[in-house]
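The values are calculated or read from the model by the stated rules, or taken from the named source; none is laboratory data. Keep in mind that what you see is a predicted model, and the values were worked out from it rather than measured. Positions of Cβ are backbone-derived with ideal geometry, glycine not excepted, and every protein chain shown enters the neighbour counts. Just the protein is used for accessible areas: all its heavy atoms, side chains included, with ligands, DNA and RNA removed. Shrake-Rupley method; radii C 1.70, N 1.55, O 1.52, S 1.80 Å.
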Amino acid sequence: MRLSFLEPLYAEPGPYVSVYLDTSRDVEHPERAIALRWQRLRESLTRQGADRALLNALEDAVGADAEVPGVHGQAVFAAHGTLVLDGELPRPPEHDSARYSTLPDAMPLVSQHVPEIPYLAVVVHYGGLPTAETHGWVIVEAETGAWPTSTVTPGERLHRRVAVATWHHAALRLGHRLDELARRAHADAVVVGGDEWACNVLIRRLPHALRDKVVRVGGRTPTDTGRALLEPQLDGVFRGRMAAHDRELVEIFIGRRALDGPMAEGLAATVAALQRGQVAALLLNRPPGSSLRLWVGPQPTQLALTEVELTSFGVRAPREEPADEALVRALVGTGAELVVVPESELGLYEGVGALLRYADPGTPGYEQP
């Protein structure tokens, strides 16, 4: 998963305020509920030392996602009196939280982007006889997205209304248009729901490469919910699944580990590679626990397991910070990707490893060519 969406967050130096709260609209008087949650968080931030300018920067953003219906949450970050990032959460956080800290608490936001599977959803509406020798209309809606964040931030949508009498011919043209959408989105899957006969006509006329990605789903297919097309069905299709791009990175890691190629495994080796900007992709079995900490300096690559190691690099006044915050900053700062891979798919020593851009004499196991 690429973390470029976090770049605005690190464009400003700290300290940061990081706020996560439930902004669901499926309750009675949601605005009042959100205001009460925010008031508690604001009081907590005041006790932590956040100044009025920071709190005011957050005030206008919190709960401003009123156009997003249903269950969801919000992640909001500010620094130096300025809002730096406002993100929607597909699920509300387990607990509302607010932190005033040197580094932003970005891992909960990142975790809700996982597995970030690109897809194309297609809904075909038709309620008549299963034949083109009749009157009426076939209505097709399609939408690109990246699961699961697309539930609250839907992508590009297409709408077509076709006379049933021309459906067979129109489906061929529409298939090529859907292929363009899927290619542009780098879709791993094409999830199709709706009338069985009309769907079959469309699927048979899709380009072969796109047809191979089709997943048929049943159930209700409303298109006016304000959420992602086929949202309930998408959850069943993608739960427990990795994005194809991430799976490819995992397979490369396995191959390099078998051949002693450019990779690192374990926390010490991975941190050493991040220090040198070697990491192309960080692999985690799970996000680091809250008790794991690293020493950091002002730059993204200034991180280490001990204070002594960091001061030996010339870093003055290093600070001990949560490991997940230090790792996310290092990944964004060096343009590296993040892959969360289940331990059942790939067990990593200490739960962490990395694909490297190159190996050098500082890389563990390096052999002079």
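Worth pointing out:
- Selection within the range 16-29 - surrounded by 15 or more Cβ atoms within 10 Å (Cβ to Cβ), under 27 Å from Thr225 (Cα atoms) and either free of Cβ contacts under 8 Å to residues at least 60 places away in the same chain or not β-branched (Val, Ile, Thr) (or both): Tyr20, Leu21, Asp22, Ser24, Arg25
A quick yes/no check of all residues on (1) out of contact with any Asp or Glu (no Cβ under 7 Å at 6 or more places or on another chain); (2) open to solvent by 20 Å² or more (accessible area, probe 1.4 Å); (3) without any contact (Cβ under 8 Å) to a residue 12 or more places away in the chain:
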site: Thr306; (1), (2), (3): yes, yes, yes
site: Glu309; (1), (2), (3): yes, yes, no
site: Glu320; (1), (2), (3): yes, yes, no
site: Leu327; (1), (2), (3): yes, no, no
site: Leu331; (1), (2), (3): yes, no, no
site: Leu338; (1), (2), (3): yes, no, no
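- Residue in the range 276-286 that is assigned to a strand (DSSP E or B) and open to solvent by 10 Å² or more (accessible area, probe 1.4 Å) present: yes
- Residue among Arg32, Arg52, Arg42 that alone is under 17 Å from Asp105 (Cβ atoms) and open to solvent by 10 Å² or more (accessible area, probe 1.4 Å): Arg42
- When Asp224, Asp246 are checked against the criterion of being out of contact with any His (no Cβ under 9 Å at 6 or more places or on another chain) and at pLDDT below 95, Asp224 stands alone in meeting it.
- Being surrounded by fewer than 20 Cβ atoms within 10 Å (Cβ to Cβ) and farther than 21 Å from Ala146 by Cα is not true of Arg239.
- Residues being small (Gly, Ala, Ser) and on the phi > 0 side of the Ramachandran plot - total across the range 115-130: 0
- Note on the range 265-275: residues that are closer than 16 Å to Arg329 by Cβ, of a type outside the set (S, T, N, Q) and out of contact with any helix residue (DSSP H, G or I) (no Cβ under 6 Å at 6 or more places or on another chain) amount to 2.
- Residue within the range 145-164 that is hydroxyl-bearing (Ser, Thr, Tyr) and over 28 Å from Ala11 (Cα atoms) present: no
- Candidate set from the range 334-369 (those that are modelled with pLDDT of 95 or more and of a type in the set (Ser, Thr, Tyr)); member that is farthest from Gly289 (Cα to Cα): Thr334
- Taking strands (runs of 3 or more DSSP E) as the structural unit, those lying wholly within the range 20-121 and holding at least 2 residues that are more than 21 Å from the chain's Cα centre (by Cα) and either at pLDDT 95 or above or of a type in the set (Asp, Glu) (or both) correspond to 97-101.
- For the range 251-275, the tally of residues that are on the phi > 0 side of the Ramachandran plot and open to solvent by 20 Å² or more (accessible area, probe 1.4 Å) stands at 1.
- Search result, residues across the range 131-149 that are part of a loop (DSSP other than H, G, I, E, B), surrounded by fewer than 20 Cβ atoms within 10 Å (Cβ to Cβ) and either at pLDDT 95 or above or hydrophobic (A, V, I, L, M, F, W, C) (or both): Ala132
- Pairs with Cβ under 7 Å, 6+ apart, first in the range 165-179 and farther than 12 Å from Leu120 by Cβ and in contact (Cβ under 8 Å) with a residue 12 or more places away in the chain, second of a type in the set (Gly, Ala, Ser) and open to solvent by less than 60 Å² (accessible area, probe 1.4 Å): Ala165/Ala132; Trp167/Ala132; Trp167/Ala198; His168/Ala132
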